[in-house]
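The structure appears below as structure tokens.
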Amino acid sequence: MLLHLHKNNYFSFIGKSIFLLLVLFEIRIPRSSQDHIQNLLYYVIGDRVIFAESPSAPGIPVVYRTSEERTTNPDRLNLDRRKLKICPILEGEEQLRLLNYQHNYISQIQHLSTLKRLIFLDLYDNHIEEITGLNSLRSLRVLMLGKNRIRKIENLEALTKLDVLDLHGNQIQIIENLSHLGELRVLNLAGNQIVHVDNISGMDALAELNLRRNQIQTVIDVDNLPNLQRLFLSINDISCFEDIQCLSESHCLSEISLDGNPLCQDQYYKQIILRNMQQLKQLDMKKVSEEERRIALVMARKEAEKRRESNKIAIMKEKRRIAISGVKRNWELKQGSHIAKTGSLIRTSPMPELFANHIGTLKNSDILFHNDKDDSESSGITNIDKGISEYAELDGDTFTLYGHQALENLERNWGIQAAGSITTIVFKFVDFEHVAKILHKIRTRFPATQTLVFSATNIHSLQQINALSHVRRLDNLTIDLDGNPVTKFTLWRMYTIFRLAHFSLKKINDIEVSPSDIVNAEKLFGPLSHITTSQLPQSRLLSLLGETRKKQLVALSEDKNRKGDKHAEKAQGEFVGRAGLTYQSADNLTKQQESEGKKKIAKNFINEFSKETIFNNKKQSEFQRLWSVIFYEMVQSALGDMSNMREYMKNCMEMCENS
């Protein structure tokens, strides 16, 4: 049955012919014009055709055109809006180059094997679920499969000359099987269910990629499309630029749309995009102005400076972390070596705690750490001067020193403001013998210091706590349980309160010092003040006092003279006696012990020599006294034996035989 030519067929022919020419000659036109032409293609009524049924294939329609109609339009056939459920057999249409099946109900692509010259196939708005039946269309340049039910991109291996591929409005979740389309210039995947954009390399000619209205969260691999100029990512789920970071490496990209993404809610959204994609000419369908570009460049420079500074800080932090790890490792190795020397413990607990439990049994001379240069070499770190070395860390008002190398930071030129801001100093992995030598510098270098923390510093005796009296001011003191054997002593806290009473400590190991603690400490250790006063001369005691405490002593003396108060006299004695509880440095102890050792060796040698001489003299005197008796008995015994010579000789022979 013939269908009459609709009055709009003329416009349909014009529009489709123009579109065909654009495809054939690769002419680029504005998008507004493209949309107008596309509308003509979509909404005009089809050509005059005759439908019949094939005798050899019942149920499959066959399309015929009159010779006149085929001669008029030999290269295109419009079968849109024909309520087709099956692709019909196209009889005698081998010359077709454009075929339109829009707005039908087709569920499967078929019966196209004879169309060897087809370059344009439009199956928009059908019910197609799978891409099939296209292997024979090796000349196909445009494939329109939008608004169907396709779930997977597949079976496009033969379409190597494809220029435009439209798959918008389907149910596709993954971009795949497209890397062989080296001539593809336009890819439309809008309105699908894509979450991650990747696996799109190989499409070297692709200039336009439409990914609007998906569920995209991340974009990667786009920088591997060397000719991509336009990218549309509107209405997706992109939350930050890091999710599309690869776009900053896509240097040909000149137009991009990101509107409708969470990223756009950032108040600096435009500046962020232009800062990372300085070649853009259009953003969200709007031309980029020179002022916007200038602002973005300024922000880019600031961001680069900030990034360089962050990298610099990160490098310094990493160096510091490595250095501190080396110091800690070196410290633990030293503790292990001391345990190995004594051989009295089994290594069943963490090294610092094990050492803390054991080191208290050793003498002072056994636990001194030597300031050898291999301490830094063992950690593999070369110290570089950057104000504060890697062995120290300044965090707000807390200054942490790791290892004895870090103590050199106390010698640097601290500004008044910087030094005054430090209220807490922490010592870690450094023997207290080294710390004691620099405690007097803290009161001058860091006058605002209120808290000292000793962590893994090997404080092993109450005498070492005396050294803390050299600090000008101290409100809080922390001596960690691990790495400080003195904390194993029951009364170490009371002694600390007593010895540092002039500081009026508020907290020790984060526990408040109560008035009852102060009273109990005085009861326990108060007699030490009187003992010290009685054993040391007054001049020696005064030499142990600093200038400030000497002034306090003078004030007490004047108060005593003015009032004649025995209580003041007692307080003066306790004050001086407490100052006599001093700490001798390791060097002084070593020299003193060495001298005492030599004296002891000499004394022992003389005592042993004297005992040996006296013993020998006694033996000689006793021999002289008994010699005459012994000689008489020897002669008498010989004569008695020789009185019977025969018997004597016989006995001698028997003795010789037996021996």
ask   = Karplus couplings for the stretch 284-294 from phi (6.51 cos²θ - 1.76 cosθ + 1.60, θ = phi - 60°), rounded to Hz, Gly and Pro as x?
value = 6, 6, 10, 5, 7, 7, 5, 5, 5, 5, 5
message = Can you tell me how the stretch 425-520 classifies by the Cα gyration tensor, rounded, prolate or oblate, using a/c under 1.5 as the rounded cut?
response = oblate
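Multiplying the sequence separation of Tyr648 and Arg301 by 0.36 nm and subtracting their Cα-Cα distance, what value in nm do you get?
Gain on extension, Tyr648 to Arg301, equals 112.4 nm.
Go through Lys270/Lys312; Lys281/Lys312; Lys147/Lys286 and tell me which ones have a Cα-Cα distance over 31 Å in this structure. Provide the component values of the computation, followed by the final result.
Working: Lys270/Lys312 28 Å; Lys281/Lys312 34 Å; Lys147/Lys286 28 Å.
Pairs exceeding 31 Å: Lys281/Lys312.
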inquiry  = Need the full-extension length gain, His440 to Tyr632, defined as separation in residues times 0.36 nm minus the C-alpha distance. One decimal, nm.
reply    = 60.8 nm
note = In the structure shown, of Lys334/Lys428; Lys437/Lys507; Lys328/Lys428; Lys334/Lys488, the pairs separated by more than 18 angstrom at the C-alpha atoms are Lys437/Lys507; Lys334/Lys488
key: Inter-label distance, nm, simple model (7 Å from Cα along the C-beta direction), Gln110/Cys264   = 4.4
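Gly191: net charge of surrounding residues, Cβ under 9 Å, Lys/Arg +1, Asp/Glu -1, itself excluded?
Details: positive: Lys147, Arg212, Arg213; negative: none.
Value of the local net charge: +3.
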query = Label-point separation (nm) for Gln620 and Leu394, each offset 7 Å from Cα along Cα-to-Cβ?
reply = 7.9
message = Using a Förster radius of 56 Å, what is the FRET efficiency between Ser325 and Glu183 based on their Cβ-Cβ separation? Nearest 0.05, please.
response = 0.50
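Ranked highest first by average number of other Cβ atoms within 10 Å, how do 287-300, 316-329 line up? Could you put the intermediate results ahead of the total?
Values: 287-300: 14.0, 316-329: 17.1.
So the order, starting with the most tightly packed, is 316-329, 287-300.
What net charge is computed for the residues neighbouring Thr449, neighbours being all others with C-beta under 10 Å from the C-beta of Thr449, Lys and Arg scored +1, Asp and Glu -1? If you can, show how the numbers build up before the last one.
Working: positive: Arg443, Arg445, Arg472, Arg473; negative: Asp397, Asp475.
So the environment of Thr449 carries a net charge of +2.
With r as the distance between the Cβ atoms of Gln95 and Glu157 and R0 = 30 Å, compute the FRET efficiency 1/(1 + (r/R0)^6) and round to 0.05. The partial results should precede the final answer.
Numbers: r = 25 Å, r/R0 = 0.85.
My answer for the efficiency is 0.75.
Just to verify a number: FRET efficiency for Ser239 and Glu512, C-beta to C-beta distance, R0 = 45 Å, to 0.05? Before the final figure, lay out each step's value.
Values: r = 49 Å, r/R0 = 1.09.
About 0.35, to the nearest 0.05.
Throughout, read-outs are computed from the coordinates displayed, never taken from laboratory work. Not measured: the values here are computed from a predicted model. Here the Cβ is made from the backbone with ideal geometry for all residues, glycine too, and neighbour counts use every protein chain on show.
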